[in-house]
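Have a look at the structure below before the remarks.
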Amino acid sequence: MNTAHNTNTGSDSPLLAALEQLSPHDHLCSIFDNSEEHFAVAIPFVRIGLERGEKCIYIADDGTEAVVRDAMYAEGIDVERAIATRSLVLERKEAAYLKHGSFDPERMFTFWADAAAEATSQGFPVLRATGETGWVSRGAPGLDRWMEYESRLTHMLARHNWCALCQYDRQLCPPELILDVIRTHSTVIYRGTVCRNMYHVPPDELLGPSSAAREVERLLTTIREREEVESTLRQQRNELRRSEAHLRESEARFRQIAENIREVFWVRDLACDQVTFVSPMYEEVFGRSCASLYANAGSFLDAIHIDDRPRVEASLLRQRDGTATDERYRVIRPDGSMRWIRDRAFPVPEPAGPIKYIVGVAEDISEQTRSDEELQRSEHLLRLVLDALPVGVLVVDTSGDIVLGNPAAQRIWSGSIRSGLDRYAESQGWWHATGKKIAPGEWPSVRAFANGESPVNEIIEIEAFDGVRKILQTSAVPIRDVSERPTGAVVVFEDISGRMTAERKLNDSYNQMRNLTGRLMRAQDDERRRIAQMLHETTAQDLAALKMLLGRLNRTVDHLSAGERSAITESMSLAEQSMSDIRTLSYLLHPPFLDEMGLLSALRWYVGGFAERSGITVDLDLPESFERLPLDTETALFRIVQESLINIHRHAESETARIRLRRDAETLVLEVEDRGRGIPSASLEHIMSGEGGVGVGIAGMCERIEQLGGRLEITSSDRGPTGTTVRAWLPLLQDAG
């Protein structure tokens, strides 16, 4: 600090800092304008030496010894104790400089050599000496060699372990003397500043021959060095200005960032317990003014929920110890609304000494907290759902570790399922369809997280941990990250052992029922054939005989009355009609053409009779040649045509119908269609299911075709004249016909 009259001697003043940096061999002078400047240098110079355990000698001028003592006491020096311990020696100039009434440099060098030797013998590491020189201005014998003494003293200090401070009162000493003093001291203290003396003249130059030439060289060197120093200073000032500009720019950017971020940024000075900066978001988040926080750094505590306040106060104490904190707390805003805050504080490291500043960021985490709470509720609900599910659910990662599971999974496997990929090799599993053992890489969960597959409803068999063999239906889907890379899998499996047993029993019962139905239908056909044959061979023959007898009787009616003759004629007509009806009924029950000439002939005969009886025009589209099929097959196809035409006549209100029959080497297709009133979809579904008493004929057609390994399809619509189509597919054996 270069301010004039700066005599600050506080513990952290630049002057004291410079004095504490002095070391043995230093030769310096203090030039002062008043007593305040005088003692601001001389007394601390002595005190520092005493505190370091050095021996100090103070040579006082006439009448100043008492003043020096008082100044030392004021500086905190116990003068009497220091003198008693021989740490401090107070001498008058007559005992040193003017011993024997005159000044002699040689005698003074001897004085100082003896003092240094004595200090060393007394165990002091360094001798520290200072003397007042106001008496020099008053004159004394031998003072013409005073500057020689000052100059040579620098050489002597270099050879001994001591330092010296020469004191010159500018108000007493003439300028010529002060000028010589400046020339003979390498360090000058003036107005509170310790300066390196650029005008110092080395002793060899000052006292040796050719002093003018040496001085010219020194001055030129000094001029050059001064210019270099000033150039360096100018560069440093320019650099400082640039640094300050950069700093201002950085501060502006920092302030712009701090004032525009959504978080509250704050800086707290621990020394004065004040907030030195807080971003404007404080007002929006806390609902309180920044000014209130600047005025009282603890005012934000009033906003904190009463249940959270003790914890936050404890974190403030930890911050003072240099501990970083991370707290979550609630604040109550003036409008009564509550917000969740996450407040992180960090100590700013200092090169030395305690922490001075704490910086922090407080952010409003209300939405995040609500999301976390909602997530927790969702996770709790998920856990409740998983725990209630009767099927096993596992979530695994790509390492085979189980992330999530439910109790049903443990029940199915009869124990806890351990994590890791090893379990896939150790677990016992087989493919239900083939009985082949499941390889480690074939388990559905492995294929999901390793290959990205999504196996669905695969049936496997396992051996549970208790040794019981079970049948599982299992599915798995991969879990993918944002880049669609599998990171795990969700596996769902159900113990269907009981269901498979029930299905097997049901299937056995169904097969038995199918066999029974087939036998019943064959028995029905056989019964129809037998009844048709009996009607044809017995009843029809009896009616023919009756008709013949009535004919013979009719030829002998001359003796009968007219009424009796009319009755015989009517009886003959009834017998003829009965014969026709019996023959038709016999053919409908089992057309003889079907057994004798095959399906095509039977269809042509039946369709002709149906068209004649119903008035519906039927188009027959039959192949020209058609090999005979097994009787059961031809009977089933005939019954489908018969039932379909009856339904068209009864329900479709269609004027036309079409029958189409096609076959290839492996398949036969029969189609019967109309252009009448269609069947509503709901009714069609009800009819096809065979529920109730509706559609028994159609259900019978389905059963007949299924007995032969085929299938029946009915398409219909009640919207527009699209009608209904009955379509039957039958597989044909190679040796059929």
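Where a number appears in this text, it was derived from the coordinates with a stated rule and is not lab data. Predicted, not measured: the structure shown is a model, and the values here were computed from it. Every residue, glycine as well, gets a Cβ built from its backbone with ideal geometry; the counts of neighbours run over all protein chains shown.
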task = Just add up the charged neighbours of Ile412: K/R +1, D/E -1, any other residue whose Cβ is under 9 Å from the Cβ of Ile412.
result = 0
task = Return the lysines within reach of Lys436: Cα separation strictly under 26 angstrom, same-chain partners fewer than 8 residues apart disregarded; answer none if there are no such residues.
result = Lys470, Lys505
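Quick one: work out the % antiparallel among DSSP beta bridges in the chain, nearest 5.
Details: 78 of 109 bridges.
Here the share of antiparallel DSSP bridges comes out near 70 percent.
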ask   = Can you list the HN-Hα couplings for the stretch 428-438, worked out from phi with the Karplus curve (6.51, -1.76, 1.60; θ = phi - 60°), rounded to whole Hz and with x for Gly and Pro?
value = 9, x, 9, 6, 5, 6, 10, x, 6, 5, 7
query = Among Tyr329, Ser87, Pro347, whose Cα sits farthest toward the positive end of the charge dipole of the chain (+1 at Cβ of Lys/Arg, -1 at Cβ of Asp/Glu, about the Cα centre)?
reply = Tyr329
key: Under the Debye formula (equal points on every Cα, no solvent term), log10 I(q)/I(0) of the stretch 261-371 at q = 0.19, 0.20, 0.22 Å⁻¹   = -0.98, -1.09, -1.32
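At 0.36 nm per residue, and after removing the present C-alpha to C-alpha distance, how many nm does the segment from Asp70 to Glu148 gain when stretched out fully? Display every interim value, and only then the final one.
Values: separation 78, 0.36 × 78 = 28.08 nm, distance 3.31 nm.
Contour length minus the Cα-Cα distance gives 24.8 nm.
Multiplying the sequence separation of Phe626 and Ser578 by 0.36 nm and subtracting their Cα-Cα distance, what value in nm do you get?
Residue separation times 0.36 nm, minus the Cα-Cα distance, leaves 13.8 nm.
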Residue-count net charge about Glu249 - beta-carbon cut-off 14 Å; Lys, Arg +1, Asp, Glu -1 = +3
key: Pairwise FRET efficiency - Lys356 versus Gln171, Cβ, R0 = 30 Å, nearest 0.05   = 0.10
query = With a sphere of radius 15 Å drawn around the Cβ of Ile261, what net charge do the other residues whose Cβ falls strictly inside it have (Lys, Arg +1; Asp, Glu -1)?
reply = -2
task = Mind listing the lone cysteines of the chain, meaning no other Cys beta-carbon sits under 4.7 Å from theirs?
result = Cys56, Cys163, Cys173, Cys195, Cys272, Cys290, Cys702
task = Pop the C-beta distance of Ala314 and Asp401 into the FRET formula with R0 = 56 Å and round what comes out to the nearest 0.05.
result = 0.90
inquiry  = Classify the stretch 14-200 from the C-alpha gyration tensor, please: rounded if a/c falls under 1.5, else prolate or oblate depending on whether a/b exceeds b/c.
reply    = rounded
query = Could you name the lysines in cross-link range of Lys93, using Cα to Cα under 26 Å and dropping any fewer than eight places away on the same chain?
reply = Lys55
message = Output wanted: per-residue J couplings in Hz (rounded whole) for the stretch 624-638, from phi through Karplus 6.51 cos²θ - 1.76 cosθ + 1.60, θ = phi - 60°, x for Gly and Pro.
response = 5, 10, 8, 5, 5, 9, x, 4, 4, 5, 5, 5, 4, 5, 5
ask   = Would you list Arg377, Arg663 from fewest to most Cβ contacts within 10 Å?
value = Arg377, Arg663
request  = Quickly work out the Ile257-to-Glu230 label distance, labels modelled 7 Å from Cα along the C-beta direction, and quote it in nm with one decimal.
outcome  = 4.2 nm
remark   = re the stretch 389-495: pairs of Cα atoms spaced beyond 20 Å account for a percent value of 32 percent
ask   = Given H placed 1.01 Å from N in the peptide plane, which residues other than close sequence neighbours of Arg677 have an amide H under 5 Å from its amide H?
value = Glu653, Ser654
ask   = How long is the gain from His246 to Thr85 if the chain were fully straight, where each residue apart is worth 0.36 nm and the alpha carbon distance is subtracted?
value = 52.3 nm
task = Determine the principal axes of the Cα atoms in the chain, then give the extent along each, sorted from largest to smallest and rounded to whole angstroms.
result = 213, 58, 56
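Let's test the formula: R0 of 41 Å, r as the Cβ-Cβ distance of Arg342 and Arg423. What FRET efficiency results, to the nearest 0.05?
0.50
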